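I have placed the structure first, in the form of structure tokens, so that the comments after it can refer back to it.
The values are calculated or read from the model by the stated rules, or taken from the named source; none is laboratory data. Quick caveat, the model's predicted, so the values are computed rather than measured. Positions of Cβ are generated from backbone atoms using ideal geometry, with glycine treated the same way; all protein chains shown enter the neighbour counts. Surface areas here come from the heavy atoms of the whole protein model, side chains and all, with no ligands, DNA or RNA. Shrake-Rupley method; radii C 1.70, N 1.55, O 1.52, S 1.80 Å.
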Amino acid sequence: MEPATGKSSLFRNILARALIFGVLIMVFRFAYVVSITGESCTLSSFCFFSLPQNLNFIVPGAGVSAIVGNDAVSRSDPRRDLYTSKEWIRAVHFYSSVFQDLISEGLLSPHSKSLCVETPLGQEVFALKEIGVENSIGIFKKAAKPLVVKGEGHQIPFDDNSFDFIFSGGARLDASARPADFASEIARTLKPEGFVVVHVKANDTYSFNSLLDLFSSFNLVKTIDMAGFDSLMPYIREIVLRKDTVIRNHGGGKIPDGISGNKCSVPGHKRELVQKAEPLIEEEPLKPWITLKRNINNVKYLPSMVDISFKNRYVYVDVGARSYGSSIGSWFRKQYPKQNKTFHVYAIEADKTFHQQYESKKKTVTLLPYAAWVKNETLRFEINRDPGQEEVDELKDKGRGMGRIQPVKSSGGEVDEIQGFDFAEWLKSTVTESDFVVMKMDVEGTEFDLIPRLFKTGAICLIDEIFLECHYNRWQRCCPGQRSAKYEKTYGQCLQLFTSLRESGVLVHQW
């Protein structure tokens, strides 16, 4: 009987070891799913038990673990799956690493009262709690308690000077329709000497300086480029700012700080863009009406070179607008790359013939029924008729009229009185350096008066991009071999005007 007993004992030992090995395999696979892949046990095909009532969710792998317990999330709450999902854990690990670096640099501490702005799910808040910054909360337009309460970046629901640290991730400042209000609310709710950290997608010098203009009461601490954690934002620029102890209010007046008296200097980051612009047409074109039209296809638009997200407002000023369809409807609305920004349009047009067309556009276009000029005064104009005017009159009905009003030079012709206004001063009272301003100017030769005035008053610094039609005694389409007697300037003088603008750092295009 002893041999039989020995065989039975050996069999039991083998079976026990096999069972233990099987249990170890299941435990290992469970640990792998929850800790490594981030999949929920409730979704796994090899989890054989349900989540207990008192389970706490722990994000492993980065410092002290933040725990969201049963009081925060019930078994039936779908967020239980969210907190153990692969995407959630990846985001929390990323932000934990970011915040730990800030702690090591003394920009954040466990005692900092912290706010995460516009965090839909609250990963940033979770990460802060995970590394020990317990006094943290997030805001979003839809609350996701206990991590996120209701609020938006442009209207933060907390008192002045409430926080030591404010964070905005996910390029939410880039996407904000009200970036100036977003920055203003951060400045209001952050304590003096507190830190704000923003993660943005934009990485060009123009957008960087535009963002700094929004945070005018802050000092730049550092900026660093890093890889993101998902395909939606593979590249991140982190910008760290510190709030001044003395608030500098740059937003109260319309005249920008870059203008001192009647002078201004175009900043270096704008000068760099001029170097990237399309070349000017050096030789006078024999068929200017064809050459200049084709040149529009070569234009390197400013929004195609840089990100314009961090601007207070977006403004298009059409000086010499003529009809709505002349350039606003046919070109600016359809072709100019606006980066999904909403532009307010100012149409400056003295010719009464076109005023009626703007009645139905009042919501999106502000008509200034005056002549852009170098001072406020009443002007007497004579409507000149070029050779081939019959063709012009036919085109005029289509919104492409070319018969422009000119200063009176003789007693003959059709004379009209209109009100001229100081265009440069109007511009300084209407926009600021924190606005994005693009301008088209087609003023029948008056550009040789207006452009110097813009420089003299410093208003030129308010303009980001100009499309300028320069008028000279060019070859006429109707009459081969003849030049127009309508203008005294030569093509060489026009080229000199464009060249001087670009040398001054103004991004100007031949129109």
Within the range 468-503, can you find the residues that are open to solvent by 30 Å² or more (accessible area, probe 1.4 Å), under 22 Å from Leu450 (Cα atoms) and touching a helix residue (DSSP H, G or I) at 6+ places or on another chain (Cβ under 6 Å)? Arg474, Arg502
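Which one is surrounded by the most Cβ atoms within 10 Å (Cβ to Cβ), of the residues in the range 78-93 that are of a type outside the set (A, V, I, L, M, F, W, C) and in a helix (DSSP H, G or I)?
In this case the residue turns out to be Arg80.
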Looking only at the range 210-231, count how many residues are outside any loop (DSSP other than H, G, I, E, B) and within 14 Å of Pro179 (Cα to Cα). 5
Name every residue in the range 416-444 that is open to solvent by 60 Å² or more (accessible area, probe 1.4 Å) and either at pLDDT below 50 or farther than 24 Å from Phe498 by Cα (or both), in order of residue number. Glu417, Gln419, Ser429
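Kindly indicate which of Ser114, Ser168, Ser109, Ser96 is surrounded by fewer than 22 Cβ atoms within 10 Å (Cβ to Cβ) and at pLDDT 95 or above. Give the steps one after another, and end with the answer.
Working: Ser114 fails: surrounded by fewer than 22 Cβ atoms within 10 Å (Cβ to Cβ); Ser168 fails: surrounded by fewer than 22 Cβ atoms within 10 Å (Cβ to Cβ); Ser96 fails: surrounded by fewer than 22 Cβ atoms within 10 Å (Cβ to Cβ).
After applying the criteria, what remains is Ser109.
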What tally of residues in the range 445-454 results from selecting those that are open to solvent by 10 Å² or more (accessible area, probe 1.4 Å) and either over 23 Å from Tyr487 (Cα atoms) or in contact with an Asp or Glu (Cβ under 9 Å, 6 or more places away or on another chain) (or both)? 2
Where in the range 329-379 are there strands (runs of 3 or more DSSP E), lying fully within it, with 1 or more residues that are without any contact (Cβ under 8 Å) to a residue 60 or more places away in the chain and in contact with an Asp or Glu (Cβ under 8 Å, 6 or more places away or on another chain)? 344-348, 365-368
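Could you run through the range 365-381 and say how many residues are of a type in the set (Phe, Trp, Tyr) and over 35 Å from the mean Cα position of the chain (by Cα)?
Summing the residues that are of a type in the set (Phe, Trp, Tyr) and over 35 Å from the mean Cα position of the chain (by Cα) in the range 365-381 gives 1.
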Could you grab me the full set of residues in the range 294-311 that are in a loop (DSSP other than H, G, I, E, B) and either under 14 Å from Phe208 (Cα atoms) or hydroxyl-bearing (Ser, Thr, Tyr) (or both)? Tyr301, Met305, Val306, Asp307, Ile308, Ser309, Phe310, Lys311
Residue satisfying all of: in the range 268-293; basic (Lys, Arg) and under 20 Å from Met441 (Cβ atoms); most open to solvent (accessible area, probe 1.4 Å) among these: Lys293
